[in-house]
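Following: one structure in structure tokens, then a few remarks.
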Amino acid sequence: MAIKESKGERIFHVVNVILMIILMILMIYPFWYVIMYSLSKPELAMSGGAFLKPKGFTLDAYKMVFRNRSILYGLKTSLIVTIGGAGIGTLVSAMTAYPLSKKDMPGKKIFTYLFLFTMFFGGGLVPEYLLLKKLHMLDTYWALFLPGCISVWNILVIKNFYKGIPDSLEESAKIDGASDLTVFFKIILPLSKPILATIALFLAVGFWNDFFGSIVYIFDKDKWSLQAVLREIITNTQEAMTRQGITIRNENSSNVSQKTLTMATIMVTTIPILVVYPFVQKYFVKGTMIGSVKG
Amino acid sequence: MNRKKILCLLLIVSLISSFFAGCNKKETTSSNSTEKIKISMTLMGGPKKPNTWFQEELGKRLNAEFDFIMLPGWEEKNVKTNLLMQDKDKMPDVLWFNGMGKEYKQWVEAGLLVDLIPLLKNTKDKNILKKLTAEMLFPYYKDGKLYRIPTDIGGNGCCMTTYVRKDWLDKLGLEVPKTVDDFIKVARAFTKNDPDGNGKNDTYGFGGQNSGSVDWRAFSPIFYAYGYAPDFFGMYKDGTVKLGATVPETRKALIVLRDMYKEGLIEPTIFTGNDIGQLISKNKIGMFYSWQSFYNPEDGTNKALKANVPNAELLPIDPIKGPEGFSADYPEPPGSWCYISVTSHAKDPQAVVNVLDKMMTKEIGLLNEYGEEGKHYKIENGKIVRTISEEEKNNLGLGSLGWIWFGPKFIEDPPQIAKLAEDRAKSANAARDRIHHFSLSIRENMPTYMKHATEIDDMMNEIFVGVITGQKDISEYDKFVNAYYNKFEGHQIEKEATELYNKEKVEFEKFKEFYDKELKVQ
């Protein structure tokens, strides 16, 4: 028999549900607005207002987006950078965190502090640029993900997770004749799947959303990431120009479909990474939880 | 043993290969420079597509090899430009930029930019000099040197105008407003007499743009009728140059605006931020001060309005006359908002300037805008008709020289638009002394103003908005004027402004003499 709810509890539930629904609408509507705007006919969409359904359905904006060379090249760059960055980044983060999690590593404190130092202080944009130039990484995909592969925050999260794995596991493996590498790849990594998936997702989202790297390190526009292309499309508006103190009217963008095009581009650039979430989410929740409770 | 050998071999191979790679690169660059000059150039306008048909064709016609460096969007372009200028190898030969006053000064001091005067004089056809008048060059000339030239100089001194909805006027049987009183009367009728006929009280007499912060130009019909722009310096009738916000006439204009707002005649997003195009096309406002280009039937906003209200008609009108019979439109600054410079990266700056000069012709202008005749456009009854779609145009890279190319006009505007531009230029030029843009650097010549400018601006915006929206009493305005003179050293600012104004006149005469003698193309 179900426990009978008191009046107060019922009111609480009703209010709760209503609040949640309002919150959900607040979250979903902007997204919905973008989708509906991108599907609308430009001259009708321009009159604004709420969009519950597209105003005069058309797919032209999407057709144009997919015919845009920059978008397709951007997709290529973003895929390379996201997959490469998430893969390499997760691997090197896991490998860096492992020795740091061992109590008996010599100089562990110094290494940890050195890593921590970079978390609070950076060289700044120009030195970073010059470094990448000296490394001959300018104008290559490497520049977009190698510098961002190691993040101290991620290392700390993984390190804490490793601490939860009993030392005896490693000891027994060693007794059976496993080398350090074998222990790491055959025992530690498989046990760390939840945290690795979480970190991989962190990194992937980070790399996917990054536009600044492309803007700074890449000269060949065909190598810009999707987000950089999108950013350029979005900020080429009258508002952005006015903010920069320019008062002329941008004749180039007086094309009506500019805004629907922008909306369609936003959808095209957001959906791929959005699709990844459900698949990784089970790890995501588990990962952060396990990493956070030590014991 | 074996391992070491292999390692050694590998090292040697890699060393040799990198050595050869280096050689190869050098060879190609040197052989190319003998045939065609290589020019790298930053681009902001146009479709920003790399390696397009246009890029190649332009190179062919000007006998140069162009390397276009696309600047990112408006929020990040300065970061990129800065980095480019820090890096000797990646620095563009021709730099397009806008704003960046501080950086520009540093570039000049560091010797990164090339003085253009001798180079421009040595060009064969002097296309650039033909187009640049003394007025246009004056703001950028300093101590006998010219490190940048203004581009996008197609304007004629004014690109805004007062608009009124002609169809609303007709529906309510009203005349085109001429004076401030008419203006208020029409605004009142537009607000209260349901001009859109939908039975709802949802229209406003007057509205204006606000892209994030209050744009005082939006209030021009009232402010300028009283003679001064609050956010600009201008020559006052007593012979001193004063900040428009501080003169008694502006106080009167403020009261008019306050009363209008109180009556509900002003659309409120003018203070909070809006999209002016949307406001117009949504059929919300009857009068506003905005871009002349809205008048063009092909303009996006105009089209959107017509899609919404088929019989809508935007009518640009003469500026509203104030109580003293004065009226004005917003005068554009004499130079431009963007520039090009030649950097020290150019091995042969003269050759680069020669190519730039050859670029500013009608032929290249047509190529940039329309492509090749017969292939991408045709001429019908003296009119240029594009035969390709907007998308193809972008893919070809047409328009890449946007904001860079200037030269002889190759298309005439439709007559009504040409006339509008001409009329507005006249009404704006009449106000050039009263709404004055300094050509010489304010940073260097008006230190007192620079010291307080931010505070003055903030206080002015706060109090002006407060007074108009009725949150502050008009006595707050008097407090502002008081603070301006006492706290912010207003008298000293006026002295410096007046001195700068006079200095400009003298310097300009001097420059004009130099220009006429050295630079003017007969």
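Observations on the model:
- Matching residues in segment B:337-361 - criterion: being open to solvent by less than 20 Å² (accessible area, probe 1.4 Å) and of a type outside the set (Asp, Glu): B:CYS338, B:ILE340, B:SER341, B:VAL342, B:THR343, B:ALA346, B:VAL352, B:VAL353, B:VAL355, B:LEU356, B:MET359, B:MET360
- Taking residues in segment A:161-177 that are free of Cβ contacts under 8 Å to residues at least 60 places away in the same chain, and partners anywhere that are open to solvent by 60 Å² or more (accessible area, probe 1.4 Å), the pairs with Cβ atoms closer than 6 Å and at least 6 places apart or on different chains are A:ILE165/A:LEU191.
- Single condition A:TRP142 does not satisfy, out of (1) under 20 Å from A:ALA86 (Cβ atoms); (2) touching a residue at least 24 places away in the same chain (Cβ under 8 Å): (2)
- Among the residues of segment B:199-212, those identified as of a type outside the set (D, E, K, R), open to solvent by 10 Å² or more (accessible area, probe 1.4 Å) and away from chain A (no Cβ under 14 Å) are B:GLY199, B:ASN201, B:TYR204.
- Residues considered: A:LEU130, A:LEU116, A:LEU181, A:LEU144. Of these, the only one that is in the same structural domain as A:PHE212 (by TED's automatic domain parsing) and within 20 Å of A:PHE211 (Cβ to Cβ) is A:LEU144.
- Set side by side, the residues B:GLU494, B:GLU444, B:GLU507, B:GLU518 differ, and just one is without any contact (Cβ under 8 Å) to a residue 60 or more places away in the chain and in a helix (DSSP H, G or I), which is B:GLU444.
- Scanning segment A:116-126 for residues that are within 20 Å of A:VAL92 (Cβ to Cβ), assigned to a helix (DSSP H, G or I) and open to solvent by 60 Å² or more (accessible area, probe 1.4 Å) turns up A:PHE117, A:THR118, A:MET119.
- Residue that is nearest to the other protein chains (Cβ to nearest Cβ) [pool: residues in segment B:233-247 that are surrounded by fewer than 19 Cβ atoms within 10 Å (Cβ to Cβ) and touching a helix residue (DSSP H, G or I) at 6+ places or on another chain (Cβ under 9 Å)]: B:MET235
- Within segment B:124-159, being touching a strand residue (DSSP E or B) at 6+ places or on another chain (Cβ under 7 Å), assigned to a loop (DSSP other than H, G, I, E, B) and not acidic (Asp, Glu) holds for B:LEU132, B:TYR147, B:ARG148, B:CYS159.
- Matching residues in segment A:154-206 - criterion: being farther than 27 Å from A:LEU116 by Cα and not in a helix (DSSP H, G or I): A:ASP176, A:GLY177, A:ALA178, A:SER179
Residue-by-condition table, conditions (1) surrounded by 21 or more Cβ atoms within 10 Å (Cβ to Cβ); (2) of a type in the set (Lys, Arg); (3) within 18 Å of B:ASN461 (Cβ to Cβ):
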| position | (1), (2), (3) |
| --- | --- |
| B:ASP196 | no, no, no |
| B:SER220 | yes, no, yes |
| B:TYR226 | yes, no, no |
| B:LEU254 | yes, no, yes |
| B:GLY277 | yes, no, no |
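- When B:LEU43 is tested against (1) touching a residue at least 40 places away in the same chain (Cβ under 8 Å); (2) within 9 Å of chain A (Cβ to nearest Cβ), only condition (2) is not met.
- Number of the exception - A:MET137 against (1) touching a helix residue (DSSP H, G or I) at 6+ places or on another chain (Cβ under 7 Å); (2) of a type outside the set (Val, Ile, Thr); (3) farther than 30 Å from B:THR81 by Cα; (4) assigned to a loop (DSSP other than H, G, I, E, B): (3)
- Only listed residue being closer than 26 Å to B:MET44 by Cα, modelled with pLDDT of 90 or more and not polar (S, T, N, Q), chosen from B:TYR289, B:TYR339: B:TYR339
- Unique residue being at pLDDT 90 or above, touching a Phe, Trp or Tyr at 6+ places or on another chain (Cβ under 7 Å) and open to solvent by 10 Å² or more (accessible area, probe 1.4 Å) when the list is A:PHE211, A:PHE207: A:PHE207
- Candidates in segment B:289-331 are the residues that are open to solvent by 40 Å² or more (accessible area, probe 1.4 Å) and of a type in the set (D, E, K, R); of these, the one that is nearest to the other protein chains (Cβ to nearest Cβ) is B:LYS303.
- Pair list, Cβ < 6 Å and 6+ apart or interchain, from segment B:407-426 residues that are open to solvent by less than 60 Å² (accessible area, probe 1.4 Å) to residues that are among the hydrophobic types (A, V, I, L, M, F, W, C) and assigned to a helix (DSSP H, G or I): B:PHE410/B:LEU366
- Restricted to segment A:218-241, and to residues there that are more than 7 Å from chain B (Cβ to nearest Cβ) and not in a helix (DSSP H, G or I), the residue that is modelled with the lowest pLDDT is A:THR237.
- Test result for B:ALA187, touching a residue at least 24 places away in the same chain (Cβ under 8 Å), closer than 27 Å to B:LYS512 by Cα, of a type in the set (Gly, Ala, Ser) and surrounded by 15 or more Cβ atoms within 10 Å (Cβ to Cβ): no
- Subset of segment B:53-75 that is in a loop (DSSP other than H, G, I, E, B) and open to solvent by 10 Å² or more (accessible area, probe 1.4 Å) - its residue that is farthest from the other protein chains (Cβ to nearest Cβ): B:ASN63
- Residue in segment B:140-153 that is closer than 30 Å to B:LYS88 by Cα, open to solvent by less than 40 Å² (accessible area, probe 1.4 Å) and of a type in the set (D, E, K, R) present: yes
- Taking segment B:86-115 as the range and being within 11 Å of chain A (Cβ to nearest Cβ) and touching a helix residue (DSSP H, G or I) at 6+ places or on another chain (Cβ under 9 Å) as the test, the residues that pass are B:GLN86, B:ASP87, B:ASP89, B:LYS90, B:PRO92, B:ASN98, B:GLY99, B:MET100, B:GLY101.
- The residues on offer are B:ARG434, B:ARG443, and the sole one that is touching a strand residue (DSSP E or B) at 6+ places or on another chain (Cβ under 7 Å), open to solvent by 50 Å² or more (accessible area, probe 1.4 Å) and among the basic types (Lys, Arg) is B:ARG434.
- Every residue from segment A:31-59 that is loosely packed, with under 10 Cβ neighbours inside 10 Å and either in a helix (DSSP H, G or I) or in contact with a Ser or Thr (Cβ under 8 Å, 6 or more places away or on another chain) (or both): none
The values are calculated or read from the model by the stated rules, or taken from the named source; none is laboratory data. Nothing here was measured: the structure is a model prediction, and the numbers come from that model. FYI the Cβ positions are ideal-geometry reconstructions off the backbone, even for glycines, and counts take in every protein chain you see. Each accessible area value is taken on the protein alone, full model and side chains, heavy atoms only, with ligands, DNA and RNA left out. Shrake-Rupley method; radii C 1.70, N 1.55, O 1.52, S 1.80 Å.
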